[in-house]
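Below is one structure, written out as structure tokens, with a few remarks after it.
The values are calculated or read from the model by the stated rules, or taken from the named source; none is laboratory data. The structure displayed is predicted, hence computed values, not measured ones. A quick note on method: Cβ atoms are made from the backbone with ideal geometry, for glycine too, and the neighbour counts reach across all protein chains shown.
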């Protein structure tokens with residue numbers, strides 16, 4: 001995820017008045033760009049198949065297609081802020097890793113609080129809040145009996161495989177005879193974190209985290225139960 005000071009979002013609600021409220025609140029926050037508003041969740045779902053905003057503001061109780069159903073069916077999920085008049089959906093919404101839950105009627109202060117929480121999450125995942133890796137920072141590994149230098153900024157994640165590790169970059173995968181533990185000891189801990197017994201990920205390469213899984217490009221990486229609390233604490237800052 002490349003850091004962008006502007007937060008892109010869409011709003012989905014079958015009530016026109018609710019959409020107008022979100023539109024007016026977004027207009028009051030300079031860093032927020034509302035790309036689209038939908039009163040038809042099916043149209044919104046079609047839009048999201050080809051577009052990935054940073055945040056979705058979405059009502060839950062809608063005809064034909066509930067907000068929860070829509071989010072569950074998305075292949076790639078933006079950050080989600082549910083907006084609803086019914087508190088009974090709160091537990092289920094948080095099981096979907098929703099960033100926040102706005103109970104109608106909510107005022108601008110509460111809306112802005114949710115946006116700032118999402119912004120903090122996005123900043124953590126984006127490169128701006130990470131300590132910058134210089135062009136020269138790299139690790140040297142043995143590949144096919146030759147020494148290979150791999151830039152840290154190119155590494156997306158590392159996967160353990162028996163006595164080997166797969167080092168994934170944005171363009172290649174290198175198979176190296178080393179343990180995941182020894183690899184982790186060489187990597188800066190403000191840039192890389194172990195999230196599973198078999199996986200280490202680059203924090204700056206994470207696209208999103210949802211349902212205990214990390215998305216990096218077309219890879220879906222599980223977060224193990226042992227590592228989950230530490231990872232969530234890091235996300236929450």
Subject >> Filtered residue count, segment 144-166, keeping only those that are in a strand (DSSP E or B) and under 24 Å from residue 232 (Cα atoms) >> reply: 6
**OP:** Would you check which residues across segment 73-83 are modelled with pLDDT of 85 or more, surrounded by 13 or more Cβ atoms within 10 Å (Cβ to Cβ) and farther than 18 Å from residue 26 by Cβ and list them?
**Re:** 74
Subject >> Restricting segment 187-197 to residues that are more than 16 Å from the chain's Cα centre (by Cα) and closer than 21 Å to residue 162 by Cβ, the residue that is surrounded by the most Cβ atoms within 10 Å (Cβ to Cβ) >> reply: 194
Subject >> Which numbered condition residue 187 misses (of (1) touching a strand residue (DSSP E or B) at 6+ places or on another chain (Cβ under 9 Å); (2) modelled with pLDDT of 85 or more; (3) closer than 30 Å to residue 73 by Cβ) >> reply: (3)
Subject >> Selected residue [buried (at least 17 other Cβ atoms within 10 Å of the Cβ), at pLDDT 85 or above and within 29 Å of residue 52 (Cα to Cα)] from 200, 141 >> reply: 200
Subject >> Within segment 17-90, strands (runs of 3 or more DSSP E) holding 3 or more residues that are under 20 Å from residue 107 (Cβ atoms) and within 19 Å of the chain's Cα centre (by Cα) >> reply: 55-59
Original post:
Is segment 226-236 home to any residue that is assigned to a loop (DSSP other than H, G, I, E, B), more than 25 Å from residue 78 (Cβ to Cβ), free of Cβ contacts under 8 Å to residues at least 60 places away in the same chain and not assigned by TED's automatic domain parsing to the domain that holds residue 115?
Top reply: no
**OP:** State which residue is surrounded by the fewest Cβ atoms within 10 Å (Cβ to Cβ) when the search covers only segment 162-186 and only residues that are touching a helix residue (DSSP H, G or I) at 6+ places or on another chain (Cβ under 9 Å) and more than 30 Å from residue 54 (Cα to Cα).
**Re:** 176
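Quick grid of which residues meet (1) crowded, with 19+ Cβ neighbours inside 10 Å; (2) at pLDDT below 90:
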{"position": "2", "(1), (2)": "no, yes"}
{"position": "10", "(1), (2)": "yes, no"}
{"position": "13", "(1), (2)": "yes, no"}
{"position": "34", "(1), (2)": "yes, no"}
{"position": "38", "(1), (2)": "yes, no"}
{"position": "45", "(1), (2)": "no, no"}
{"position": "48", "(1), (2)": "yes, no"}
{"position": "56", "(1), (2)": "yes, no"}
{"position": "59", "(1), (2)": "yes, no"}
Original post:
Scanning segment 91-105 for residues that are surrounded by fewer than 19 Cβ atoms within 10 Å (Cβ to Cβ) and part of a loop (DSSP other than H, G, I, E, B), which turns out modelled with the lowest pLDDT?
Top reply: 96
